[in-house]
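Scroll down for the structure; my scribbles are underneath it.
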Amino acid sequence: MAANMYRVGDYVYFENSSSNPYLIRRIEELNKTANGNVEAKVVCLFRRRDISGNLNTLADSNAREFEEESKQPVLSEQQKHQLKHRELFLSRQFESLPATHIRGKCNVTLLNETDILAGYLEKEDCFFYSLVFDPVQKTLLADQGEIRVGSKYQAEIPDKLADGESDNRIHEKLETKVWDPNNQLKDPQIDQFLVVARAVGTFARALDCSSSIRQPSLHMSAAAASRDITLFHAMDTLQKNNYDLAKAMSTLVPQGGPVLCRDEMEEWSASEAMLFEEALEKYGKDFNDIRQDFLPWKSLASVVQFYYMWKTTDRYIQQKRLKAAEADSKLKQVYIPTYTKPNPNQIMVPGSKPGMNGAAGFQKGLSCESCHTTQSPQWYAWGPPNMQCRLCASCWIYWKKYGGLKTPTQLEGAGRGGSESGPRGHMTRQEVQGMSPFTRNEGRAKLLAKNRQTFILQTTKLTRIARRVCEDILQPRRAARRPYASINANAVKAECMIRLPKATKTPLKSKVVPRQSLATIVKDLAISAPLKLKASRGPPTPINRNQASQPRVGQNLLGKRGFDSASGVPYPANGRPYTSGMRTTSQSVIKRQKVSQGEAPNPVVFVATKDTRALRKHLTQSEMRRAARKPHLLVRIKLPPPPRSLAMPLLPSSTSEPIVLED
């Protein structure tokens, strides 16, 4: 019964989905609703699968620094993989969940330098955290409540001096002397001087206008003058004047007036004190967040000093009594019975017939995706439905508790996407950018695209046969529409071996399509469209001043010239060349852009000739679309009959000689 009794402060598992892993939360309050149910106000803790990839990279670097500083023993790759499932991230986020969704207890501790990481793997339901995750700002920060244990924080204690050995250290450099107990004054004389210091402090507050407003009565001024700041100032005055009472008296009351010493309780206004109490209720003793969000004009030392002075006031005692009375009215513990209902992801319940409870769509011969075992008393569906993956009983419990598989697999990411609430018909932008080799991120190499070599995937005979035999499982049309979704080829091949006849007299013949070599294809393409690496440019023309106000034509990403200027002579839209010396307003002088090596195009470029551009004009719109959809088919063009040539009078050819007119 003690295992099913949950109290405030316990770390527990919450189940919000039958296929997702458990949520790990810390119980802060147990409240009873109007209809009699119990709700738990909990603090959210996040797993690595709940944060982005950039934050996972940051967590990996933090883990490496911790291993180097604490000198952890070497772990295997599987242990490192499982250790990521034990790491959590604390947050300041609260939420309310039904207490009936609790599925058990767990243990979460703050990671310490003296801890051995491998020890967490040996304990069940044991987690650790070292970073704090902000779900709103999407940041990871170090926890302020770190226990500072280790060589970096502990002092080195020197050896004890032997009898008769003198200490040669210079004590003035090690510490500052603030009080000498062996002074010439007696205790009654010191007490009388302290009374005089309090009286001077009361008189100084009466002369100060701001203090007289805050402490309008004599009792309040005397109480403020009796605080520790006045006594510390009086004793420091005695120490500085070598315990001479006459000199100390004159120091307390100089010629300008009595010295006024005020602490943080007097410096803070009533509105600032109210803000501090509100922040303390929200953040607790996290003084950095209190200062940053509520009191940015105060220093951190001022906030800490005010907190310890505030704890000595009647206001703190009154709030403490109210919280104690409120805590007595709330539930301190709740009993939740063990959850025994079957999981909807069970493939086959023990003792039931095969094919029941979701087992109809699963094929025989499949193994566990995590431990690869083929025997288990209970199987559970895992991952996307089209993958038909399953887990054994022990791996399913590991998945629910720790949010991952025991061994790293490629399908674990697909299992995450399939286990999310609601189907997802496409990949997110971050996933697509992470998979693309052309993504220009800061952490990726810019030359990744250029360093990749061309590869060809050649299928085997069994794979080609499985495409025809297991077409209902493979669903090629659906797979073609969703090329990003993974296909479990092992499951398809296993089902193909079951469906194939066990004893075939003659092997199945597959038609072999002859394929040309890559060199032959490139050679044929080069013959049909020769390369023009350097095209002759037209003669340079002067730039008109009116062109400065005209909009410039934007250059494309790779800095290529348009098709209208590929032959060296600029062509307008109607196909007629411009005469020399003419220049349109749409033209502009564009400097050639320097292309980086990672963004450079492939070295093979096919430039259209004047004849091919002329032939395109004879194609209809439907023929152009058909040619674009099926580029491997030949395009047949019906040329119109050439127009009849008319007899034109012969004109004398133009010459460069001057024309002379005789009068």
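When you check ASP208 against the structure, is it over 27 Å from MET309 (Cα atoms) and either within 55 Å of the chain's Cα centre (by Cα) or not assigned by the TED database to the domain that holds TYR308 (or both), yes or no? Even if it seems obvious, please write down each step before you answer.
Details: over 27 Å from MET309 (Cα atoms): no; either within 55 Å of the chain's Cα centre (by Cα) or not assigned by the TED database to the domain that holds TYR308 (or both): yes.
Here the answer is no, as ASP208 does not meet what is asked.
I need the full set of residues from segment 150-197 which are surrounded by fewer than 11 Cβ atoms within 10 Å (Cβ to Cβ) and on the phi > 0 side of the Ramachandran plot, in order please.
Across segment 150-197, the qualifying residue is only GLY164.
Say whether the condition of being polar (S, T, N, Q) and open to solvent by less than 30 Å² (accessible area, probe 1.4 Å) is met by at least one residue in segment 235-251.
Within segment 235-251 (the criterion being polar (S, T, N, Q) and open to solvent by less than 30 Å² (accessible area, probe 1.4 Å)), the answer is yes, since at least one residue qualifies.
When you look at ARG86, is it outside the structural domain of ASP289 (by the TED database), open to solvent by 60 Å² or more (accessible area, probe 1.4 Å) and more than 18 Å from ASN16 (Cβ to Cβ), yes or no?
Details: outside the structural domain of ASP289 (by the TED database): yes; open to solvent by 60 Å² or more (accessible area, probe 1.4 Å): no; more than 18 Å from ASN16 (Cβ to Cβ): yes.
Considered against the rule, which asks whether it is outside the structural domain of ASP289 (by the TED database), open to solvent by 60 Å² or more (accessible area, probe 1.4 Å) and more than 18 Å from ASN16 (Cβ to Cβ), ARG86 comes out as no.
Out of all the residues in segment 318-340, is one or more at pLDDT 90 or above, of a type in the set (Lys, Arg) and outside the structural domain of TRP399 (by the TED database)? Spell out the reasoning first.
Kept after step one, since they are at pLDDT 90 or above, are these residues of segment 318-340: none.
Taking every residue of segment 318-340 in turn, none turns out to be at pLDDT 90 or above, of a type in the set (Lys, Arg) and outside the structural domain of TRP399 (by the TED database).
SER70: within 29 Å of TYR283 (Cα to Cα) and over 22 Å from the mean Cα position of the chain (by Cα), yes or no?
Numbers: within 29 Å of TYR283 (Cα to Cα): no; over 22 Å from the mean Cα position of the chain (by Cα): yes.
No.
Restricted to segment 20-37, and to residues that are open to solvent by less than 30 Å² (accessible area, probe 1.4 Å) and of a type outside the set (Lys, Arg), which residue is farthest from ALA2 (Cα to Cα)? Write out each step before concluding.
Here is the first cut: in segment 20-37, the residues open to solvent by less than 30 Å² (accessible area, probe 1.4 Å) are 20-21, 24-25, 27, 30.
Within this subset, residues satisfying the condition of being of a type outside the set (Lys, Arg) are 20-21, 24, 27, 30.
Details: ASN20: 27, PRO21: 24, ILE24: 20, ILE27: 16, LEU30: 17 Å.
The qualifying residue farthest from ALA2 (Cα to Cα) is ASN20.
Suppose the filter is surrounded by 12 or more Cβ atoms within 10 Å (Cβ to Cβ), in contact with a Leu (Cβ under 9 Å, 6 or more places away or on another chain) and modelled with pLDDT under 90; does CYS368 pass it?
In short, yes.
What number goes with the only condition from (1) surrounded by 11 or more Cβ atoms within 10 Å (Cβ to Cβ); (2) modelled with pLDDT of 90 or more; (3) under 35 Å from the mean Cα position of the chain (by Cα) that TRP297 does not pass?
(1)
Which of (1) loosely packed, with under 10 Cβ neighbours inside 10 Å; (2) at pLDDT below 85 does TYR308 not meet, given it meets every other one?
(2)
Tell me yes or no: at least one residue of segment 1-8 is outside any loop (DSSP other than H, G, I, E, B), on the phi < 0 side of the Ramachandran plot and in contact with a Pro (Cβ under 7 Å, 6 or more places away or on another chain). Walk me through how you get there before you give the answer.
Just the residues of segment 1-8 that are outside any loop (DSSP other than H, G, I, E, B), to begin with: 2-7.
Subsequent filtering for residues that are on the phi < 0 side of the Ramachandran plot retains 2-7.
Now restrict to residues that are in contact with a Pro (Cβ under 7 Å, 6 or more places away or on another chain): 4.
Within segment 1-8 (the criterion being outside any loop (DSSP other than H, G, I, E, B), on the phi < 0 side of the Ramachandran plot and in contact with a Pro (Cβ under 7 Å, 6 or more places away or on another chain)), the answer is yes, since at least one residue qualifies.
Within segment 139-149, can one find any residue that is touching a strand residue (DSSP E or B) at 6+ places or on another chain (Cβ under 8 Å), at pLDDT 85 or above, open to solvent by less than 30 Å² (accessible area, probe 1.4 Å) and not small (Gly, Ala, Ser)?
yes
What residue, of ARG103, ARG49, is open to solvent by 30 Å² or more (accessible area, probe 1.4 Å) and either touching an Asp or Glu at 6+ places or on another chain (Cβ under 6 Å) or closer than 30 Å to LEU331 by Cα (or both)? Write out each step before concluding.
Details: ARG49 fails: either touching an Asp or Glu at 6+ places or on another chain (Cβ under 6 Å) or closer than 30 Å to LEU331 by Cα (or both).
None of the others qualify; the one that does is ARG103.
Being open to solvent by less than 40 Å² (accessible area, probe 1.4 Å) and within 27 Å of GLY383 (Cβ to Cβ) narrows it down to one residue among ASN4, ASN56, ASN16; which is it? So that I can check it myself, show each step before the final result.
Working: ASN4 fails: within 27 Å of GLY383 (Cβ to Cβ); ASN16 fails: open to solvent by less than 40 Å² (accessible area, probe 1.4 Å).
It is ASN56.
The values are calculated or read from the model by the stated rules, or taken from the named source; none is laboratory data. Here the structure is a predicted model, which is why all the values come from computation and not from measurement. No Cβ is skipped: glycine too gets one built from the backbone with ideal geometry, and neighbour counts run over all protein chains shown. These area figures cover heavy atoms from the full protein model, side chains too; ligands, DNA and RNA do not enter into them. Shrake-Rupley method; radii C 1.70, N 1.55, O 1.52, S 1.80 Å.
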